[in-house]
Amino acid sequence: QVQLVESGGGLVQAGGSLRLSCAASGITFSNHFMGWYRQAPGKQREWVATIRSGDSTSYDDSVKGRFTISRDNAKNTVYLQMNRLNPEDTAVYYCQAGRLGVHYWGKGTLVTVSS
């Protein structure tokens with residue numbers, strides 16, 4: 001059974017930082033790409049960042065230069081370091097694992113940025 005469990009969300013003031021973690025089980029972590037998505041209240045889920053099995057990364061323009069995605073294959077964990085947070089970053093953040101068209105999702109962790 002595949003499980004993705006996010007953690008690290010919380011309340012932070014604008015300009016602050018948080019690091020999200022997503023622990024994966026039930027998959028061969030190293031050969032999956034891992035991604036972070038977010039869904040703000042009243043909005044659709046949107047892509048934030050991806051890290052591939054070869055460690056190449058991609059970011060949405062809204063977070064480029066502020067967020068960093070990384071992975072630790074020994075710990076089956078992907079991270080999202082979020083710096084210079086602003087209220088527009090408030091959302092539930094979801095972890096995704098994918099390979100060959102099969103995707104798995106976590107249940108999300110809430111990030112609230114106060115102004």
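If you go through region 63-79 one residue at a time, do you hit one that is assigned to a loop (DSSP other than H, G, I, E, B), within 22 Å of residue 43 (Cα to Cα) and free of Cβ contacts under 8 Å to residues at least 12 places away in the same chain?
First, pick out the residues of region 63-79 that are assigned to a loop (DSSP other than H, G, I, E, B): 63-66, 73-76.
Of the ones still in play, those that are also within 22 Å of residue 43 (Cα to Cα) are 63-64, 66.
Among the residues that remain, those that are also free of Cβ contacts under 8 Å to residues at least 12 places away in the same chain are: 64.
Yes.
Given the conditions (1) in a loop (DSSP other than H, G, I, E, B); (2) open to solvent by 50 Å² or more (accessible area, probe 1.4 Å); (3) farther than 17 Å from residue 3 by Cβ; (4) modelled with pLDDT of 95 or more, which single one is not true for residue 54? If we test residue 54 against (1) in a loop (DSSP other than H, G, I, E, B); (2) open to solvent by 50 Å² or more (accessible area, probe 1.4 Å); (3) farther than 17 Å from residue 3 by Cβ; (4) modelled with pLDDT of 95 or more, just (4) comes out false. Of the residues making up region 83-115, those that are open to solvent by 10 Å² or more (accessible area, probe 1.4 Å), over 19 Å from residue 5 (Cβ atoms) and either small (Gly, Ala, Ser) or not in a strand (DSSP E or B) (or both) are 83, 84, 86, 87, 88, 90, 100, 101, 114, 115. Within region 22-36, not a single residue is of a type in the set (S, T, N, Q), on the phi < 0 side of the Ramachandran plot and touching a Gly at 6+ places or on another chain (Cβ under 6 Å).
The values are calculated or read from the model by the stated rules, or taken from the named source; none is laboratory data. The shown structure was predicted, so the numbers you read here are calculated from the model rather than taken from an experiment. Reconstructed Cβ throughout: ideal geometry from the backbone, glycine too, with neighbour counts over all protein chains shown. Just so you know, the surface numbers come from the protein's heavy atoms only, side chains and all, with ligands and any DNA or RNA stripped out. Shrake-Rupley method; radii C 1.70, N 1.55, O 1.52, S 1.80 Å.
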